[in-house]
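Quick notes on the structure that follows.
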Amino acid sequence: MNIGLLIAQALLIIWPPYVANATPVLAKRVFRGRLHPIDFNKSLKDGRRILGDGKTYEGFIMGVTLGTLGGYLVVYIIGSLTAPILKYPTMLDSFIMSVAALLGDMLGAFIKRRLGLRRGEPAPLLDQLDFLLASLLSLYLIDPSLLPLPVAVTAVLITPPIHLATNAGAYLLGLKNEPW
């Protein structure tokens, strides 16, 4: 597979988790700031929050919904136009990857809290890859044929710069407090 097709295949596979990971920041506006933290504002024995205020039920539901439906819609349109050249995930795959992406992001937040990092503090590579690795693992477990090693490696390599660019854009639009 040439490099262009490899990148296109990787983007098609990871589009639903990208959407799922990006859309929870919209929950603050949609729900007018009335958000409910998944960790119920609880801390562990170390005195640090379990996840922090950035992980909410509203954001999770919004991320899973838009990652599944919005992510899959784009994947389906592009995938059906390029089939059989490119493979694409099903709606169920998109749902599972969206859930896994947000669980991976929560795991990243949990790790950051244990490291003593506050919400919004950068954790290079953890911030960019936690959601992706969880979603790729979930896809591999349900349909390994969609995730050959070159596609997985390409997805991991292209995600940090894409993640940083989209977060900078969200910062400029006032959707995020930090540009990373």
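The values are calculated or read from the model by the stated rules, or taken from the named source; none is laboratory data. Remember, it's a predicted structure, so these values are computed and weren't measured experimentally. Here the Cβ positions follow ideal geometry from the backbone for every residue, glycine too, while neighbour counts run over all protein chains shown. Areas reflect the complete protein model, heavy atoms only, side chains present, ligands, DNA and RNA absent. Shrake-Rupley method; radii C 1.70, N 1.55, O 1.52, S 1.80 Å.
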Amide H contacts under 5 Å for T56, placed H, 5+ residues apart: I38
Considering the chain as a Gaussian network with a 10 Å cut-off on Cα pairs, which listed residue, A168, A83, A27, attains the greatest mean-square fluctuation? A83
What are the ³J(HN,Hα) values, in whole Hz, obtained from phi via the Karplus relation 6.51 cos²θ - 1.76 cosθ + 1.60 with θ = phi - 60°, for each residue of region 47-53 in sequence order, with x given for Gly and Pro? x, 9, 4, 5, 10, x, 5
List the lysines whose Cα lies under 28 Å from the Cα of K42, skipping any in the same chain that are fewer than 8 positions away. K28, K55, K112, K176
Which one, G52, L73, I14, projects farthest toward the positive side of the charge dipole computed for region 1-118 from Cβ point charges (K/R +1, D/E -1)? G52
Any idea how far apart E178 and N41 come out in nm if each label point goes 7 Å out from Cα toward Cβ? 2.3
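Taking 45 Å as R0, compute the FRET efficiency from the Cβ-Cβ separation of L73 and V153 and round it to 0.05. Mind dumping the intermediate values first?
Numbers: r = 27 Å, r/R0 = 0.59.
In this case the efficiency is close to 0.95.
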Expressed as a rounded percentage, what relative contact order does the chain have, with Cα pairs under 8 Å and six or more residues apart? 26
Those trypsin sites (Lys or Arg not before Pro) from region 1-86 that are DSSP loop and have at most 13 other Cβ neighbours within 10 Å turn out to be R32, R34, K42, K45
Per residue, accessible area of the chain with a 1.4 Å probe, heavy atoms of protein chains only, in Å², comes to 54
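Carbon and sulfur atoms: what percent of the 1.4 Å accessible area of the chain do they account for? Don't skip to the answer; put the middle values down first.
On the way: 6950 of 9770 Å².
Carbon and sulfur atoms account for 71 percent of the accessible area of the chain.
Show me 153-165, 121-133, 56-68, 14-26 ranked by packing, highest mean number of other Cβ atoms within 10 Å first.
Numbers: 153-165: 16.2, 121-133: 18.5, 56-68: 20.8, 14-26: 24.8.
Descending mean neighbour count gives 14-26, 56-68, 121-133, 153-165.
For n ≥ 4 DSSP H runs only, could you compute -39500 (n - 2.57) per run for the chain, divide by its residues and tell me the 222 nm figure to the nearest 500? Mind showing how you got there, number by number?
Numbers: 7 runs with 110 residues, N = 180.
Result for the chain, helices only: -20000 deg cm²/dmol.
Nothing charged except the Cβ atoms of Lys and Arg (+1) and of Asp and Glu (-1): what's the magnitude of the dipole of region 70-180 about its Cα centre? Round to the nearest 20 debye.
Dipole of region 70-180, to the nearest 20 debye: 260 debye.
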List residues of region 21-64, by number, whose backbone nitrogen lies under 17 Å from a label position 7 Å along Cα→C-beta of R114. 39, 43-52
Rounded to the nearest 10 Å², what accessible area does F95 show when all protein chains are kept and the probe is 1.4 Å? 90
When Lys and Arg each count +1 and Asp and Glu each count -1, what net charge do the other residues less than 14 Å away from L115, Cβ to Cβ, add up to? +3
In a GNM of the chain with a 10 Å cut-off on Cα contacts, which of L146, L73, L115 has the highest mean-square fluctuation? L115
